[in-house]
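Note sheet for the following structure.
None of the figures in this text is laboratory data; all of them are computed from the coordinates on show. Quick caveat: nothing in here was measured; it's all calculated off a predicted structure. Don't worry about glycine lacking a Cβ; one is built from the backbone with ideal geometry, like all the others, and counts go over all protein chains shown.
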Amino acid sequence: MPLIRIDDKEIEAPEGETILRLALKHGIHIPYYCWHPALSIVGQCRMCLVEVKGVPKPLTACSTAVTSLPPDKKIDGKYDMVVDTKSQVTKKAQKGVLEFLLLNHPLDCPICDQAGECQLQEYSYTYGEPASRLEFEKVHAPKRVDIGPHVVFDVERCIKCTRCIRFCKEITRTEELTLAERGVHARVETFPGKQLDNPYSVCTVDVCPVGALTSKEFRFKQRVWFLTSTNSVCQECSRGCSVRVDTYKGEVLRLVPRDNPKVNGPWMCDYGRLISERMKDLTVLARPKVREGGRLTAVPWPGFAQVLQKKVASSLKDGAKDAALIWSGRMPLEEMAAAKALSAGIFGGLQGTLPKVCRGEDDDLLIRKERRPNLKGAALLGLAVTGENAPVSSLLKGKKVALVVREDVVGEAQGPEKDAIKAALSAMDLVIVADYALTETAALAHIFIPLAGWHEMEGTVVNFMGVVQKMARSVLPPRDRKAFYEVASLWLSSAGIDAPEASFLAWHAQVRKAVPGMKDLMIRDILPHGVQLPEVGP
């Protein structure tokens, strides 16, 4: 392998590896804008210029590959390449490139959404000159350009790195964007008659290194340095994309993808990302409710589990055959383990069922038609999963008691199936719904159990490829809104049945015993990118 020296570090490099990749792998930072690990190399921003010994001018580190030299041509008798990232030549090149990029860039950091996450802002302090030499009016360009349903473009801030163009050409292959005009007037534009409206359009905001492309939904919401970030898993399909959840004062403000080569790479779809917007339309309840006189009335948690158990016992005098248990693929493994324990202890071993909800078709990037993130985990735990979009009414018809957890079976259904589910639930003696929000199904409940949302609890999920990942709690829920595994512990205890402690770790221990391949996995092993379970490979 070629031996190269970058600054004072000797590195054995694979033939053909670029200087930039090699430097970053070994903790040597070279500034860059246009380069992105998932996109093609264009070498056009020139920010990564470095001095290479024996070469008359600086070279772009992103596009310069390491090659072997004949023994008699080795530098200093042993090196195939010697790179200096801190020399005066390199520093002069960096300052010159930054001066060029900032020449007409607006000084609007105080109102820019990218402030705090902006590579231009960071590099101007680290590598740039302290002042501009420009004595004339800057060249102005359009601002607040609406180029798609979720993205706003500020042409003045754009540094023409073309990351967004290459993303639409190489990743989504929708090609909505191009570079128009020339020189100082060059700008990114949508093709005539097109908008930036592909299913992954907000990823262009992620790849933009400056504040040129911003998300309409997050625009002007909060300064990024005030956000609290946690790692979690997207809940909107069986891909289970690794995401970062950014919150402020208990509110989820945005989801952005975490780069996970096992699952989603650096991307995620707009639908999953915008779950934070859909959450705003939900009616969220914080206390248990019992229907009295036709209305759901809030009751305190102390004693609620006993009331719950008494009502179930009195409604199931003829045995658990009169009950229907509907679980959800949105439940993490710990809640599913609790559901199995509840089935065995309260419902006489009656097996619950998970609806397999599918919409549309799988695409060739990330989106899966299965709209639940943990159906694979349910199968590993031995829970029954219906066929694709199988009618739920057949599971409910003729039953006296139903327990529905995290599924809006009424809201998800359409046409005659919706009417059939409503009729089946309306005819029952007892309908218990456990969910985060007051859904159409919850509106028919005799008892409503408020559950912590996906962002308010800990859990583990297994995606369709068999990768187990950890969800972290991003927001503290109100005292009476609990994860279902906590509810199950309290319910079982109220019935005089031994149950694990009402905590994530206690139920996670049960999961490790039950799921193949997880017995020896500690939480620290799963973090941050998950683990491929060998028994359930893709």
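Each other residue within a Cβ distance under 15 Å of residue 77 adds +1 if Lys or Arg and -1 if Asp or Glu, for a net charge of +1. Angle of helix 415-426 to the longest C-alpha principal axis of the chain, folded into 0 to 90 degrees and rounded to 10: 50°. Listed by Cβ neighbour count within 10 Å, with the fewest neighbours leading, 15, 135, 217 appear as 135, 15, 217. Positive contributions from Lys and Arg (+1) and negative ones from Asp and Glu (-1), summed over other residues with Cβ under 13 Å from the Cβ of residue 52, come out at -1.
Residue-wise HN-Hα couplings along segment 370-378, as the Karplus relation 6.51 cos²θ - 1.76 cosθ + 1.60 with θ = phi - 60° gives them from phi, are 5, 9, 10, x, 10, 5, 5, x, 4 Hz; Gly and Pro carry x. In summary, the aspartates and glutamates within cross-link reach of residue 280, defined as a Cα separation below 18 angstrom excluding same-chain residues under 8 places away, comprise 217, 236, 246, 251, 270, 408, 435, 440, 456.
Quick check on the exposure proxy: order 17, 122 from fewest to most C-beta atoms within 10 angstrom. Mind dumping the intermediate values first?
Numbers: 17 17, 122 14.
Taking fewest neighbouring Cβ atoms as first place, the list is 122, 17.
In terms of other Cβ atoms within 10 Å, 95, 340, 470, 513 run from fewest to most in the order 513, 95, 340, 470.
Between helix 88-102 and the chain, what is the angle of the helix's C-alpha long axis to the longest principal axis, kept within 0 to 90° and rounded to the nearest 10? The two axes meet at around 60 degrees. Structural size metrics of the chain, computed from C-alpha coordinates, are Rg and Dmax of 28.1, 95 Å.
Helix 304-315 axis versus longest C-alpha principal axis of the chain: approximately 50°, rounded to the nearest ten. Partner lysines whose Cα lies under 26 Å from the Cα of residue 169, excluding those fewer than 8 positions away in the same chain, are identified as 143, 160, 194, 216, 262, 369.
How much net charge surrounds residue 390 when only the other residues with a Cβ under 11 Å from the Cβ of residue 390 are counted, with Lys and Arg +1 and Asp and Glu -1? Please list the in-between numbers first.
Details: positive: 356; negative: 388, 417.
Here the charged neighbours net out to -1.
Dividing the helix sum by the residues of the chain, where each DSSP H run of 4 or more adds -39500 (n - 2.57), gives a mean residue ellipticity at 222 nm of -6000 deg cm²/dmol.
As a quick test, which of the pairs 311/399; 376/513; 422/482 have an alpha carbon distance above 19 angstrom in this structure?
Among 311/399; 376/513; 422/482, the Cα-Cα distance tops 19 Å for 422/482.
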